[in-house]
There are 2 protein chains.
Amino acid sequence: MTFDKKLSAIAMRVEQRLADFLSGTRGPAAPPEKLAEAMRYAALGGGKRLRPFLLVESASIFGVRLENALDAAAALECVHNYSLVHDDLPAMDNDAIRRGRDTVHIAFDEATAILAGDGLLTLAFEILAAPETHSDSAVRGELALGLARASGWAGMAGGQSLDLEAEGKSLTVDEIRRLQALKTGALIEYACTAGAVLGQAIGKDRAALEAYGRLLGQAFQLADDLLDVTGDAAKLGKKAGKDQDAGKATLVSTLGIEKARAELSRLETEAITTLERFGERADSLRETARFVSHREH
Amino acid sequence: MTFDKKLSAIAMRVEQRLADFLSGTRGPAAPPEKLAEAMRYAALGGGKRLRPFLLVESASIFGVRLENALDAAAALECVHNYSLVHDDLPAMDNDAIRRGRDTVHIAFDEATAILAGDGLLTLAFEILAAPETHSDSAVRGELALGLARASGWAGMAGGQSLDLEAEGKSLTVDEIRRLQALKTGALIEYACTAGAVLGQAIGKDRAALEAYGRLLGQAFQLADDLLDVTGDAAKLGKKAGKDQDAGKATLVSTLGIEKARAELSRLETEAITTLERFGERADSLRETARFVSHREH
């Protein structure tokens, strides 16, 4: 199977699982319909599902079957989508288009978008805390603790705060790296670590996946920044040049395109190197590192 | 010790524990300062801390010492305060004053208020998932699952969604009850259930605390609605008559003041009755039922 086909095959399974959770029939009480509809709109029907893919493929190195990784993968995708909904809000990045269609606050209203984000974030922890996600409560606890750290004030939400503060300022390379490590890196690193946690990997196995996740997160962000400068809107499903227009400092604007491309290439190689100990069991993650570094959208 | 003194003594301990968590020194990485400051502003220095008090007192029935209930109590208070920050936003209830001072989006800005709410919600699950909260990961998992259900789309966030939809509409008594059960009731009920979970109570013991929490939540909301009609702004620390002005349907506007007072009195009695099996160990919760039903702010 080609990498693209594998990515979309898993995306489809994640989509089904998400749709199942978001049907509102799993919990003890039914959620109000308007909010549920906004949450489904926010989380279903789009996206490459890269983070769930990373979780699933990381877990598979340790023998975890796809079926047994899908709940944790769905929880992670809930958090990713909550962050998109809140980031798109008028008070934040003020985006009207996401994945080629209206953002949640445009399709519904601002209050519903705030609540849909809140609801998706909370649902993620509801999923992770449920016994169906893993039979061992210690594993579930570790998954939840890791997700909270990766997505909270010292992770993704903190990165978004730094990003808002940075508008119109010139940041140092170190400041940009910290911002991006929190805003994008933390959740991508978590995806890989969570796979290792699900697989109950320890020691060097786990450390290797953490390192891979960290490098991949950096590569992902750098590729994204390069696309913002060189990509076209049709392929991206959103406006190109957005960061430049907003006066946002990126490594590309600071280092220049050539140096940024060289760093991306180095990150790709390093990420692949960290996987050596896993042999061919990690082929899929190697392909992911190539895909992330060379993607066009 | 009088009830008021007991309530404020525990509020002080909860405040200290919250301040400790919000110092940003507990996790593996330091959070960005502006966001951390907004979260401290949102969560510290105010409020009766009624929900943590309920958790602590419910747990104490089963022999859990205050010290061992404070982490879970702080997590619960994080969620309560996140909901206040988001509910106060311009797109929601658009409130400028809370506890007698500027709301978070006024004191900081709207984007920071959204992120501070997100951060507090996420921190709650970080606390509950941490081994320090309880040595048994199954207990931590149950605490997290319960909190997610009580505060998510089929709980508090769902109630806020119904509340926004209800503005200017006339709701039936049943619709008002459902709205309030989700918006306010779920988290108050959780406070009592969480105490029982921490105390590893089962069967009728646990069911009694669930029933007490449900009745107390209803009493709390009804007393709140009565205060909105009859209270004065100075004591409330916020504008009175707010719900009336916003055209919000409450049980008081639907049933009338006298019937609402009679129902409140019935709820108070029933809540106290559910505690019979615990004897004097539940005296504090009995006093809470009286306090909630007769409070002036």
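The values are calculated or read from the model by the stated rules, or taken from the named source; none is laboratory data. Every value quoted in this text rests on a predicted model; they were computed, and no experiment measured them. Glycine also receives a Cβ, built like all others from the backbone with ideal geometry; neighbour counts cover every protein chain displayed.
Points to keep in mind about this one:
Residues checked against (1) facing another protein chain (nearest Cβ under 9 Å); (2) crowded, with 24+ Cβ neighbours inside 10 Å:
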site: B:151; (1), (2): yes, yes
site: B:159; (1), (2): yes, yes
site: B:164; (1), (2): yes, no
site: B:171; (1), (2): no, no
site: B:174; (1), (2): no, no
site: B:185; (1), (2): no, yes
site: B:192; (1), (2): no, yes
site: B:206; (1), (2): no, no
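- Residues located in segment B:248-263, provided they are within 22 Å of the chain's Cα centre (by Cα) and part of a loop (DSSP other than H, G, I, E, B): B:248, B:249, B:250
- Annotation: residue A:243 fulfils all but one of (1) surrounded by fewer than 17 Cβ atoms within 10 Å (Cβ to Cβ); (2) assigned to a helix (DSSP H, G or I); (3) at pLDDT below 90; the unmet one is (1).
- Checking residue A:69 against (1) at the interface with chain B (Cβ under 10 Å from one of its Cβ atoms); (2) in contact (Cβ under 8 Å) with a residue 24 or more places away in the chain; (3) assigned to a helix (DSSP H, G or I), the condition it does not meet: (1)
- Yes/no for residue B:36 being under 20 Å from residue B:118 (Cα atoms) and either in contact with a helix residue (DSSP H, G or I) (Cβ under 6 Å, 6 or more places away or on another chain) or at pLDDT below 95 (or both): no
- Checked against (1) aliphatic (A, V, I, L, M); (2) assigned to a loop (DSSP other than H, G, I, E, B); (3) surrounded by 21 or more Cβ atoms within 10 Å (Cβ to Cβ), residue A:1 passes all but condition (3).
- Filter result for residue A:20 (buried (at least 20 other Cβ atoms within 10 Å of the Cβ), among the acidic types (Asp, Glu) and within 20 Å of residue A:123 (Cα to Cα)): no
- The single condition among (1) more than 8 Å from chain B (Cβ to nearest Cβ); (2) closer than 24 Å to residue A:201 by Cα; (3) without any contact (Cβ under 8 Å) to a residue 40 or more places away in the chain that residue A:140 does not meet is (1).
- Residues (of a type in the set (S, T, N, Q), without any contact (Cβ under 8 Å) to a residue 60 or more places away in the chain and either part of a helix (DSSP H, G or I) or closer than 19 Å to residue A:88 by Cβ (or both)) located in segment A:4-58: A:8, A:16
- Some residue of segment B:30-40 being within 15 Å of the chain's Cα centre (by Cα) and surrounded by 24 or more Cβ atoms within 10 Å (Cβ to Cβ): no
- When residue A:97 is tested against (1) under 24 Å from residue A:167 (Cβ atoms); (2) free of Cβ contacts under 8 Å to residues at least 40 places away in the same chain, exactly one condition is not met: (2).
- For segment A:95-138, taking the residues that are polar (S, T, N, Q) and farther than 21 Å from residue B:118 by Cα, the one that is surrounded by the fewest Cβ atoms within 10 Å (Cβ to Cβ) is identified as A:135.
- Residues that are closer than 20 Å to residue B:75 by Cα and either in contact with a Cys (Cβ under 7 Å, 6 or more places away or on another chain) or small (Gly, Ala, Ser) (or both), drawn from segment B:160-188: B:185, B:186
- Failed criterion for residue B:125 (all others in (1) in contact (Cβ under 8 Å) with a residue 12 or more places away in the chain; (2) more than 7 Å from every other protein chain (Cβ to nearest Cβ) hold): (2)
- Pairs linking a residue in segment B:265-294 that is in a helix (DSSP H, G or I) to a residue that is of a type in the set (Val, Ile, Thr) and surrounded by 18 or more Cβ atoms within 10 Å (Cβ to Cβ), with Cβ atoms under 8 Å and 6 or more positions apart or on different chains, are B:268/B:292; B:278/B:61; B:281/B:61; B:282/B:61; B:285/B:61; B:286/B:272; B:289/B:272; B:290/B:272.
- Top-ranked residue of segment B:73-122 - restricted to ones that are part of a loop (DSSP other than H, G, I, E, B) and within 7 Å of chain A (Cβ to nearest Cβ), ranked as farthest from the chain's Cα centre (by Cα): B:91
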